[in-house]
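Peer 1: Quick one: the structure is below, and I'll ask about it shortly.
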Amino acid sequence: WDNADFSRGVGTTFYQEFSTLNTAKPPFVRDVEAKVQRYLRSSYSAAWTLKITWEKAPVHAAWTDTRKTVTYQAVLTTDGFRSYILMLYQDGGMQWDYTRLTSTNVLIGYT
């Protein structure tokens, strides 16, 4: 996500932590659990979840065009033994024009 450029004051990044080991689970955490259960076809009960949102993030370098923005999230979750990440993109995926980047060797994902 290093190709997002917030230097022009466009867009924002925020996070929300959910520690649910001994508390009632909010709807967001229940939705994450359901996604993990559905995708992996196994039981899962989150003890901790972190939601990071990049909202209206402009492409690097923002000085070229701050009108093309994208919103995406990374959701990290663990039950204390297994950990998962959900990568959520706005409808249509990433809308940045990668041909205008200084490097066209662009990947969406993580290592």
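The values are calculated or read from the model by the stated rules, or taken from the named source; none is laboratory data. The model shown is predicted, which means the values in this text are computed figures rather than measured ones. Note that each Cβ is placed from the backbone with ideal geometry, even for glycine, and that neighbours are counted across all protein chains shown. With ligands, DNA and RNA removed, areas are computed over all heavy atoms of the protein, side chains included. Shrake-Rupley method; radii C 1.70, N 1.55, O 1.52, S 1.80 Å.
Peer 1: Run the reach check for Lys56 against lysines, Cα to Cα strictly under 16 Å, same-chain hits fewer than 8 apart removed. What comes back?
Peer 2: Within reach: Lys68.
Peer 1: Just the accessible area per residue of region 12-100, please: how many Å² with a 1.4 Å probe?
Peer 2: On a per-residue basis, 63 Å².
Peer 1: Is the shape of region 12-100 best called rounded, prolate or oblate, per the rule: a/c under 1.5 gives rounded, else a/b larger than b/c gives prolate, else oblate, with a ≥ b ≥ c the square roots of the Cα gyration tensor eigenvalues?
Peer 2: prolate
Peer 1: A follow-up question, please. With a point put 7 Å past each Cα toward its Cβ, work out how far Ser19 is from Phe81 in nm, to one decimal.
Peer 2: Going by the 7 Å Cα→Cβ label model, 2.3 nm.
Peer 1: In the full protein assembly as shown, how much of Thr23 is accessible to a 1.4 Å probe, in Å² to the nearest 10?
Peer 2: Using a 1.4 Å probe on the heavy atoms, I get roughly 80 Å².
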